[in-house]
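Nothing in this text is a laboratory measurement; each read-out follows from the coordinates by a stated rule. A quick note: this is a predicted structure, and the numbers were derived from the prediction, not measured. Note that each Cβ is placed from the backbone with ideal geometry, even for glycine, and that neighbours are counted across all protein chains shown.
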Amino acid sequence: HIKELQIHKKQARCHRGQDRLANAVPSSKELLNQAAQRGTALSSIVNQLIQQLDDYGAQELEIAITEALHQNVPHPNAVHQVLERRREQKQLPSPIAIALLNNPQARNLVVRSASLADYDELNTEKGE
């Protein structure tokens, strides 16, 4: 009975991570599907993608996953290569992990960047 409970709790943790990824980075669902079809262990991939989400943010991770899928490489290492290439192109420093205390709300918070296209439109309307 205890062993079954441990297995159930381990599976629940994996799904919690998958839910966080799916909410923040929609293309992660497709990456996980393709990785599962190739027989890759999903718990490891989920953990790596969550770390990348924390380090680089949802918008950058979405771009990187989309590019990795386009290259037909559904693996976090490919995603990491894209993230690093983009960071270097922007001449940004390496991400530093911030340890959030045992606050699951803060740790699982996802903030999506708003589109600034409306502001660009305002500038073009004013003739700037």
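The stretch between Ile96 and Asn72, if pulled fully straight at 0.36 nm per residue, gains 5.8 nm over its current Cα-Cα span. With R₀ set to 35 Å, the beta-carbon distance separating Ile2 from Gln34 gives a calculated FRET efficiency near 0.50. Extension gain for Glu121 to Gln105 (0.36 nm times residue separation, less C-alpha to C-alpha distance): 2.2 nm.
For the range 18-110, rounded, prolate or oblate, judged on the Cα gyration tensor with a ≥ b ≥ c (square roots of eigenvalues), a/c < 1.5 rounded, else prolate if a/b > b/c?
Oblate is the answer for the range 18-110, as a/c is 1.5 or above yet b/c matches or exceeds a/b.
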